[in-house]
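Before any comments, here is the structure.
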Amino acid sequence: MEKLVIIGAGVAGVNAATKLVDNGYPGELITIIDMGNDPYKRKPEEVMTGFMGAGGWSDGKLTYHTSIGGHMSKYCGEDKAMSLFSEVIENFKRFHPKPEAVQCSNPVAEPEFIKPYFGLRLFPVWHVGTDYLHEIGKNWYDYLCDKGVEFIWNTKVTDINFDEQIISIGAVDEIKYDRLIFGVGKSGIDFGKQLAEQYELPTESKPVQIGVRFEAPQKHFQKLIDISYDFKLYRKFEDKGVSLRSFCTNNNAAYVAVEETYGDHSYNGHAKKDEAYRNDMTNFGILMEIRGIDKPFDWSREAVKKLQIDGTGTYYSPSHRVPSKTSDG
């Protein structure tokens with residue numbers, strides 16, 4: 001059988017390896033390379049690299065719809081995309097220490113009090129829980145290791161020779177492969193760009209996405225939360241090529257945490273499940289998507305750098321006190 005190498009131990013790479021070994025592929029023939037740490041060594045603030053990547057290490061919510069977060073259905077069709085989503089959700093439940101704690105919110109009607117101002121996207125969201133992600137990661141990792149999958153951690157792939165089927169690691173090491181899965185995510189976007197230019201691969205520009213995280217007492221949003229726990233409000237301004245939407249809503253025990261991405265600080269929201277953390281706050285992102293910008297990723301990174309003050313991201317509080325009941329304050 002063929003030697004398979006997966007670059008990136010994020011949600012894509014981990015689910016691919018899991019599906020292979022579940023279906024009898026020898027784990028000894030699978031090698032996964034990642035720039036980060038295994039789930040036993042990975043710290044909460046290491047949000048971009050390591051086992052489960054960014055998608056499995058953040059707020060523990062899985063959006064069950066093709067209109068949010070990506071373009072998978074464009075390439076494999078709606079039915080296949082939804083089937084793959086279901087497999088991912090089942091794996092999160094399978095390795096969950098308390099699968100009965102996983103909940104699904106599924107709003108079915110847009111409330112009248114929202115209609116004059118915003119659209120509300122209606123689709124199911126699975127709530128895994130931030131508290132459980134580390135344990136899920138450990139259980140999942142142990143399963144793959146027991147199946148014989150080899151992991152190479154804290155290692156950056158520097159080149160891929162597709163003609164010779166050789167992966168370069170660092171200055172001297174090389175790995176030969178028969179099949180390759182390239183799942184680097186945003187952490188490897190510069191490397192992906194380098195390969196695309198080197199091999200003249202077709203690429204497709206995505207819109208710029210940049211936003212802020214908003215936090216306030218939950219009472220102000222309770223009417224909406226009762227209908228849609230992880231509400232997705234949106235407005236579009238077609239004439240300007242701009243759209244706005246909320247995303248990643250956290251309630252009850254909601255905390256904003258400072259995270260580091262590409263050396264810059266940004267803010268992300270988390271939703272604790274343990275009642276001991278309850279603070280009756282709600283936080284959510286407000287994301288602006290801007291079409292028609294050349295080199296959107298470079299533009300976004302430059303914008304984030306300009307918002308770094310005194311070595312960290314910026315925040316504003318109308319009370320001029322500590323900005324929130326967050327992990328920082």
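The values are calculated or read from the model by the stated rules, or taken from the named source; none is laboratory data. Since the model is a prediction, treat every value here as computed from it, not as a measurement. Cβ coordinates were reconstructed from backbone atoms using ideal geometry, including for glycine residues, and neighbour counts include every protein chain displayed. Heavy atoms of the whole protein, side chains included, go into the accessibility calculation; ligands, DNA and RNA do not. Shrake-Rupley method; radii C 1.70, N 1.55, O 1.52, S 1.80 Å.
A few remarks follow.
- Within the range 244-259, residues that are touching a residue at least 40 places away in the same chain (Cβ under 8 Å) and within 28 Å of residue 119 (Cβ to Cβ) reach partners that are assigned to a loop (DSSP other than H, G, I, E, B) and aromatic (Phe, Trp, Tyr) with beta carbons closer than 8 Å, at six or more positions or on different chains, in the pairs 246/231.
- Residues satisfying the stated conditions in the range 243-260, i.e. β-branched (Val, Ile, Thr) and open to solvent by less than 30 Å² (accessible area, probe 1.4 Å): 249, 256
- If the condition is being open to solvent by less than 50 Å² (accessible area, probe 1.4 Å), more than 14 Å from residue 10 (Cα to Cα) and not in a strand (DSSP E or B), then the range 116-142 contributes 123, 124, 128, 129, 130, 132.
- Only a single criterion out of (1) open to solvent by less than 50 Å² (accessible area, probe 1.4 Å); (2) within 30 Å of residue 62 (Cα to Cα) is not satisfied by residue 175, namely (2).
Yes or no, residue by residue, for (1) closer than 29 Å to residue 198 by Cα; (2) out of contact with any Gly (no Cβ under 6 Å at 6 or more places or on another chain); (3) among the charged types (D, E, K, R):
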residue	(1), (2), (3)
121	no, yes, yes
139	no, yes, no
143	no, yes, no
159	yes, yes, yes
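- Restricted to the range 228-241, and to residues there that are surrounded by fewer than 18 Cβ atoms within 10 Å (Cβ to Cβ) and at pLDDT below 90, the residue that is nearest to residue 108 (Cα to Cα) is 236.
- Filter result (touching a Gly at 6+ places or on another chain (Cβ under 9 Å), modelled with pLDDT of 90 or more and open to solvent by less than 70 Å² (accessible area, probe 1.4 Å)) within the range 89-115: 92, 95, 96, 102
- Restricting the range 285-305 to residues that are among the hydrophobic types (A, V, I, L, M, F, W, C) and in contact with a Gly (Cβ under 7 Å, 6 or more places away or on another chain), the residue that is surrounded by the fewest Cβ atoms within 10 Å (Cβ to Cβ): 286
- Filtering the range 193-210 to residues that are open to solvent by less than 50 Å² (accessible area, probe 1.4 Å) and either touching a helix residue (DSSP H, G or I) at 6+ places or on another chain (Cβ under 7 Å) or modelled with pLDDT under 90 (or both) leaves 207, 208, 210.
- Helices (runs of 4 or more DSSP H) wholly inside the range 1-108 that include at least 1 residues being closer than 29 Å to residue 258 by Cβ: 11-22, 78-94
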